[in-house]
Structures are given as C-alpha cells and as structure tokens.
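Engineer: The structure follows.
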Amino acid sequence: MKLPRKLHIKSYGCQMNVYDAQRMVDTLGPHGFVDTASPDEADLVILNTCHIREKASEKVYSELGRLRVMKAEAARQGRRMNIAVAGCVAQAEGSEIIHRAPVVDVVVGPQSYHHLPELLARAEKDGHALETEFPAEDKFAFLPPPKPDVIRSRGISSFVTIQEGCDKFCTFCVVPYTRGAEVSRPVAKIVDDVKRLADHGVREITLIGQNVNAYHGEGLDGRTWPLGTLLQHLAGIPGIIRLRYSTSHPCDVDETLIEAHRDIPAVMPFVHLPVQSGSDRILAAMNRKHTTGDYRRAIDRFRAVGQHIAFSSDFIVGFPGETEEDFRATLALVTQIGYAGAYSFKYSPRPGTPAAEMREIVSAEEMDERLARLQELIDSQQSAFNKASIGTIVDVLFERAARNPGQIVGRTAYLQPAHVMAPEAIIGQVLPVRIESLERYSLLGELAAPLPTLAAAPGTQPVINPSDTRMGA
Ligand code: 5AD
Ligand code: SF4
C-alpha cells in the first residue's frame, strides 16, 4: 500500500487565503495527501502567498531560502520534497519565481487550485510546472467538497467564498490584477456548500469575497440575486444560526442588504465597511468612487435599521499626496463614526498599480507617526466599545474549549471573544452570557441561564437559541 504523502500549507494574508488553503487540502486529500504541521517532514509544501501590502513577495523569498535547506536535507534522506508557490504572489510574479528560486517546483495562481494534482505530476516529470491563467472553467466546479470528519475538525464557524475578484480598481490595490474580474458563484452551489457544512455541525457562515456586496450570482429562480437575497435564503437552512459577510465596498450597499439586516436575525449586526481615508481629495486619488459623504450615508442607512449595528473599517495612511490636513480629516471621520475596531496600514506601493507611479511620496517617519495616531484613536474606540458590554447580557456562539481548563470560548455578535466556565456540550450553541469583566480584548462572564437540555443530548450539539426562534423551522 502506498504511504500517505504529507502536505504542509503556510498561508499568508486574507480570509480568502485561509479558505483557499482548506480547499487545497480537500483537493489533495483524495490523492493521498494528509496535513502536517511540520514543513521539514512534508512531501509537499505550499506557500499560499499574499501580495496586498509591503514586502509580501520578499517574505516569500526568505521562506523559500529556508525551504531550500529542508529540501536538500530531504533529498539526502532519499525523499523528494515538492515546493509550490500559490496565491497572489504566484499570480503577480509567475515564472519570475522559478527564475529567482529554482527550488520551486510548482507555481499556481488562485484560479487554478483544482489543477494542483496535475501540476504536481507535471513537475515530477518536467522539473517545473506553472499555471497562472484565468481558466475559462469554474474552479469551484472541480474543487471537491470537504469530507464530514474534516468539516467537523474545522469547527463550528466556516468561510464560504461566494464571489472573487474586483472591478473597482482602487489605484493602490493589486486585487483586480491578481484575483481578476468580479465573478459571483451561482446561488445553488453556495446553498449546497452551506447545507453540507450545516449538516456536519457548522453553525456560523461568513460569506467571503474581495468585494462581497457586489455579489450578483445566478439565483434559484434564474434571475440575478444580490447579497441580501442570498443571505435571506441561507438563513432558512436548518442549523445555520449566524451569517456574516466580508469585505464590502460602500458603493455596493444596496437596499436588499439593508433589509437583510432589518429582517433576518441570523445576519449579524457587525459590518466591515472599509473607507480607506477621510479626505475626499485622497478618496478621489484612490479612485474609491465614493466621497466621505457617500460613506456616512451608507453607515446611516445601516444605522436606521433599528438594532445596534457596529462597524469596522480599513484605513491607509500615507497615500501619495496625503497632507496633515487630509490625515486629520481621517481622524475626524473615525471620531464621527465611532468604530468597534478597524485595521490600519501604511501605504505601500504595489508594482503595476497606478498609485505606484505617483510622485508625492509621504516620508516613512510621517507614515509611522500618522499610523500611531490613528491606531491610538481606533484602540480607544475599540476598548470603549468592549467596556460598554460589561454588566450587560449578550448572546455568545460557543466555538471551542479555551486554553484555561473548564473554560469555553465563543464570540459575541460583534466578534468579541467571550469566555465562560461551562461544559463542552455548549459548543455550537448561542447562549446568553452576563459579561463581568474585560481582559485585553476578551470578555469574561458567566452563562446567564440554566442549561436544562444539555445533559439530555450529549454529543449531539443541540441548538438552543433563546433570541432566535428560527431554529428547527
Ligand atoms: N498599501 C497599503 N494598504 C493596502 N491595502 C490594500 N492595498 C494596499 C496598499 N497598496 C489595504 C486596504 C484594504 C486592505 C485589505 O488592505 O485598506 O482594504
Ligand atoms: Fe482592492 Fe477593495 Fe478597491 Fe477592489 S474595492 S480594488 S479589492 S481595495
């Protein structure tokens, strides 16, 4: 019998890469590959790379230097170690990677993961294999679904890609080049994926896409469905208690999405809506296609829904030409909106993007200083937001045993981690928790209701959701 081959994937960057790494495992599993945490014993190491910021490609090359040593050691032991570079650096740099690092056997772009087994076979025959085209066929049609035990091992919360690529062409961003044009998966395929996940214990789905609220997939009635209609349909799948989506563009907030937040309890009241800058001049230079006024109006539409919706965002400081006045406008916008959290980055020029040609560079010192000021403001908003839950009762979806014995950790609607002392049987359930204190970013509390049904159904992960009566319908 052939021994299983060991696979190690190192993922960098966004949620899409985390999801893609899982799909690579699912693709290679039927070809005899099993996951390993140690690269040095792997028969195949895949670097699932990110090109969005900074010296992402440099990180890849230094990692490849380390892998070269491991590969040589494996060869000394009479073992072949294959090395593949996947993800957005693979897409952006293509054959350049094999020139710079001949140790690489396979280069595969994000649209071609379903071809990995053939590419490996080709590399073993010809030395190298490369595929970075955007093939005409839909890779999702060829990516095998995860097996039930694999789904269970991945926990109760899962990503599902519903959309890939972006047509917005913000001047700083590589995504339209590395991930290509916007493509939406058909609703029927997404429903199949979500049902399979729900059947095997998944309770929370985060729909992901580079511009997820631009989703416009073929609906079950043959018409094009927007994201709000998709959310409405997925909320009816038995077992699914929470739905999230990420990442959204302010211009693509349509009425169906607002209605989804108003009408569907499963749609979580936490919206990641990147604005990037609070200066209209910089937004125009970024080709964001919206002003700060448009952004505030989008926020207001969510807020008008009634329930408390919290927001997070992405910011770039030091975009070419950003003055102190522009930066202050960003601070003013943050102060005005009030975020539950946000990511902020120093601008880094990406080769091939229009902004990389812009001349008015902001100095490294100014960037550092602005980033520190912005992060201080965001941190203070985040801790105020977290502190506000002390003394309140919040719904928590429990995910797994925590590091401290006896403690179970879950997440609130706003993705805050929350810890309680409780039996493991609560994993997979939403239960009310009385929040007592805050430890860094984590909420600590106790279950606010008795657990009468838990002992009755050990191991079956019953869903008791006092605030959500849809379950079981
Ligand atoms: N420099 C800095 N930050 C960037 N982002 C995207 N491209 C760049 C860049 N060239 C940030 C944006 C985006 C997030 C995913 O990464 O804020 O929303
Ligand atoms: Fe990049 Fe987002 Fe702009 Fe698309 S909308 S180009 S993914 S920053």
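Coordinate-derived values only; no laboratory data. Values in this document were obtained by computation on a predicted structure and should not be read as measured data. Cβ sites come from the backbone with ideal geometry, for glycine too, and all protein chains shown count toward neighbours.
Engineer: Quick check of the Kirkwood formula: for the range 298-455, what is the inverse mean of 1/r over all pairs of different Cα atoms, in Å?
Structural biologist: It works out to 18.2 Å.
Engineer: Go through the range 39-50 residue by residue and turn each phi into a ³J(HN,Hα) via Karplus (6.51, -1.76, 1.60, θ = phi - 60°); whole Hz please, and just put x for glycine and proline.
Structural biologist: Along the range 39-50, the couplings run x, 5, 9, 7, 8, 9, 10, 10, 9, 9, 8, 10 Hz.
Engineer: Let me ask something else about it. Residue-wise, which Karplus ³J(HN,Hα) couplings in Hz belong to the range 309-321, taking 6.51 cos²θ - 1.76 cosθ + 1.60, θ = phi - 60°, and x for glycine or proline?
Structural biologist: So the J values, rounded to whole Hz, are 9, 10, 10, 10, 8, 10, 10, 10, 9, x, 4, x, x.
Engineer: If you don't mind, another one. Listing THR412, THR132, THR335 from the residue with the fewest other Cβ atoms within 10 Å to the one with the most, what is the order?
Structural biologist: Ranked by crowding around the Cβ, least crowded first: THR335, THR132, THR412.
Engineer: Still on this structure, I have one more. Using Cα pairs closer than 8 Å and at least 6 residues apart in sequence, work out the relative contact order for the chain, in percent.
Structural biologist: Computed over the chain, the figure is 9 percent.
Engineer: About its Cα centre, how strong a charge dipole does the chain have in debye, to the nearest 20, once Lys and Arg get +1 and Asp and Glu get -1 at the Cβ?
Structural biologist: Dipole about the Cα centre, nearest 20: 900 debye.
Engineer: Measure out, as a whole number of angstrom, how far apart the alpha-carbon centroids of the range 52-118 and the range 342-405 sit.
Structural biologist: The two parts, judged by their Cα centres, are 30 Å apart.
Engineer: List the residues whose amide H sits under 5 Å from the amide H of ASP35, counting only those 5 or more places along or on another chain, with H placed 1.01 Å from N in the peptide plane.
Structural biologist: LEU7
Engineer: Taking H as built 1.01 Å from N, whose amide H comes closer than 5 Å to the amide H of LEU443, not counting residues under 5 places away?
Structural biologist: Sorted by chain and number, the residues that satisfy this are ALA418, HIS419.
Engineer: Amide H of ALA86 versus every other amide H placed in the peptide plane: which residues, excluding those fewer than 5 positions away on the same chain, fall under 5 Å?
Structural biologist: Long-range HN contacts for ALA86: LEU47, ASN48, THR49, VAL108.
Engineer: Okay, next question. With n ≥ 4 as the cut-off for DSSP H runs, can you work out [θ] at 222 nm for the chain, using -39500 (n - 2.57) per run divided by the number of residues, rounded to the nearest 500?
Structural biologist: -10000 deg cm²/dmol
Engineer: Write down the Å³ per residue value for the convex hull defined by the alpha carbon atoms of the range 239-378.
Structural biologist: Given the Cα convex hull of the range 239-378, per-residue volume reads 120 Å³.
Engineer: Also: Measure of size requested: the Rg and Dmax of the range 187-257, with Cα atoms as the atom set and Å as the unit; please supply both.
Structural biologist: Looking at the range 187-257, its Cα Rg and Dmax stand at 11.9, 36 Å.
Engineer: Please state the relative contact order of the range 1-148 as a whole percent: Cα pairs under 8 Å, 6+ residues apart?
Structural biologist: Answer for the range 1-148 is 23 percent.
Engineer: Here is a follow-up. Please report, to one decimal in angstroms, the Kirkwood hydrodynamic radius of the range 365-407 built from all distinct Cα-Cα pairs.
Structural biologist: Final number for the Kirkwood radius of the range 365-407 is 13.6 Å.
Engineer: Okay, moving on. Return the equivalent ellipsoid semi-axes of the range 198-320 as a descending list in whole Å, where each equals the square root of 5 times an eigenvalue of the C-alpha gyration tensor.
Structural biologist: After scaling each eigenvalue by five and taking roots: 28, 15, 14 Å.
Engineer: Another one. Step through the residues of the range 373-385 one at a time and calculate ³J(HN,Hα) from phi using the Karplus curve (6.51 cos²θ - 1.76 cosθ + 1.60, θ = phi - 60°), rounding each to whole Hz and writing x for Gly and Pro.
Structural biologist: With the stated coefficients, the range 373-385 comes to 5, 5, 5, 5, 5, 5, 4, 5, 5, 5, 6, 4, 4 Hz.
Engineer: Quick one: pull the percentage of alpha-carbon pairs in the range 294-372 with a separation above 16 Å.
Structural biologist: Summing the P(r) tail past 16 Å for the range 294-372 gives 58 percent.
Engineer: Give the value in nm², to one decimal: projected area of the alpha carbon convex hull of the chain, averaged over all directions.
Structural biologist: Dividing the Cα hull surface by four gives the mean projection, 24.2 nm².
Engineer: I need TYR441, TYR19 ordered by Cβ neighbour count within 10 Å, fewest first.
Structural biologist: Listed from fewest to most nearby Cβ atoms, that is TYR441, TYR19.
Engineer: How high is the relative contact order of the range 209-266, given as a whole-number percent (alpha carbon pairs under 8 Å, six or more residues apart)?
Structural biologist: The normalised contact order for the range 209-266 reaches 42 percent.
Engineer: Just want the ordering: PHE315, PHE302, from fewest to most Cβ atoms lying within 10 Å of their own Cβ.
Structural biologist: So the residues, fewest neighbours to most, are PHE302, PHE315.
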